[in-house]
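What follows is calculated from the coordinates using simple rules that are stated; it is not laboratory data. This structure is a prediction, so every number in the text was calculated from the model and none was measured. Glycine gets a Cβ as well: all are built from the backbone with ideal geometry, and neighbour counts include every protein chain shown.
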Amino acid sequence: MIYYENLFNSNKKFIEEFRIKFNEVLNSGWFILGNEVRNFESEFASMHNVKHCIGVASGLDALTISLLASGIPEGSEVLVPSNTYIATILSVLHARMKPVLVEPDIRTYNIDPNKIEEKISSKTKAIMVVHLYGKSCEMDPIVDICGKYNLVLIEDCAQSHGAKYKNKLTGTFGDFGAFSFYPTKNLGALGDAGAVIMNNDEFAEKLRMLRNYGSSKKYYNEVVGYNSRLDELQAALLSIKLKYLDEINKHKRSLAEIYLKYLKDDFIKPYVNDDYYDVYHIFNIRHPQRDQLKEYLLKNQIQTEIHYPVPPHKQKAMRGIILGEYPISEEIHNTTLSLPCSFGHRDDDIYRVVEVMNKF
């Protein structure tokens, strides 16, 4: 069986370093907001050439707390892509704001800059873009729109560690770059973890308080905060993997190249353009007979996933919250299929997938 993802295989290269570091953290006796968190925050900020990185408990928290730290009033409208993972929309709701959905570009699956301005109203205060599947959004026009309308720009970088647009890293275009380190990500922890990067000192100070009960001094609480801290162990393990992030991304890109070169054109393959450095957190194709294709591959010992089977506006949890029709989003969700493309896969695995798919 070629599994969609085997996290043991994907982490095999790091296991001995993990064991050594685990013992170091265990023996230190310090498990919350210590040297390991500070070290990782410094390293991740340096990688992105920004002033601040604040570790939090998850990608969802990274988005929610970014909205709260921005100072946007409750009830504000926040533009989000209509085909994102539900966490993006949940963050807006948790911050007591209103998500307004914008359809994606059918080529890139990211928010379509040409459709943004028609959704802006007097209540719009922010745009939350999502760099889906490991491809950056088209950031130049989005940055221009935010400047024109004085909107806060939050980047959901949960799937885009190391991805670039015109040689600039995702997470560095806006006011906040929010990351998830969920175990399957290109930079994945061994549990839930997240972080936010930024250059604004005031936002950084607010975010540090919000993640830690609203406190900058122990037992003194200045704002209504949360318990959302990146813990020492996950930070230590992430520091190890961060050293290998370029290698991880290059490996996934090399696997993607096999798909792009040898898969038949019966399958709609990811859009490739020199403006984008894609890191293929997810390698997806589209096909009108997606469900039959998925079943056929499984019968041939190839496991796949669907990211995502149900668009946000069709989720039961969003009834009465998100109104309207989003046909481009539905087209993507009805036809997309994610193929094996992890750090744990080898070239032979991908050639086998290609061979089987081309006979479909």
Item to complete: Using the number of other C-beta atoms within 10 angstrom as an exposure proxy, rank 160, 342 with the fewest first.
Response: 342, 160
Worksheet item: Could you give the distance between the Cα centres of the stretch 191-247 and the stretch 54-74, to the whole Å?
Response: 10
Discussion item. Taking just the alpha-carbon atoms of the stretch 1-144, what radius of gyration and Dmax come out, in angstrom?
Written reply: 19.1, 57
Discussion item. Suppose a student asked you for the relative contact order of the stretch 105-166, using Cα pairs under 8 Å spaced at least 6 residues apart; what percent would you report?
Written reply: 37
Worksheet item: Quick one: length gained pulling residue 303 to residue 247 fully straight, 0.36 nm per residue minus the C-alpha distance?
Response: 17.7 nm
Discussion item. Report the gain in length on full extension from residue 42 to residue 347: 0.36 nm times residue separation, minus Cα-Cα distance, nm rounded to one decimal.
Written reply: 106.3 nm
Worksheet item: Of 119/264; 166/250; 243/316; 125/164, which sit over 29 Å apart, Cα to Cα?
Response: 119/264; 243/316
Worksheet item: log10 I(q)/I(0), Debye, Cα-only the stretch 245-357, no solvent, q = 0.13, 0.21 Å⁻¹?
Response: -0.56, -1.16
Discussion item. With the crude spin-label approximation of a point 7 Å out along Cα→Cβ, what separation in nm comes out for residue 20 versus residue 8?
Written reply: 2.4
Worksheet item: If you wrap the stretch 74-230's Cα atoms in a convex hull and average its projection over all directions, what's the area in nm²?
Response: 9.6
Discussion item. If you take semi-axes √(5λ) of the Cα gyration tensor in Å from the coordinates, which of [x] 69, 27, 16; [y] 37, 22, 18; [z] 32, 27, 17 do you get?
Written reply: [z]
Discussion item. Test of understanding: what is the full-extension gain from residue 272 to residue 117, defined as 0.36 nm times their sequence separation minus their Cα-Cα distance?
Written reply: 53.2 nm
Worksheet item: So for the chain: antiparallel DSSP bridges make up what percent, rounded to the nearest 5?
Response: 60
Worksheet item: If r is the Cβ-Cβ distance from residue 223 to residue 30 and R0 is 22 Å, what FRET efficiency results, to the nearest 0.05?
Response: 0.30
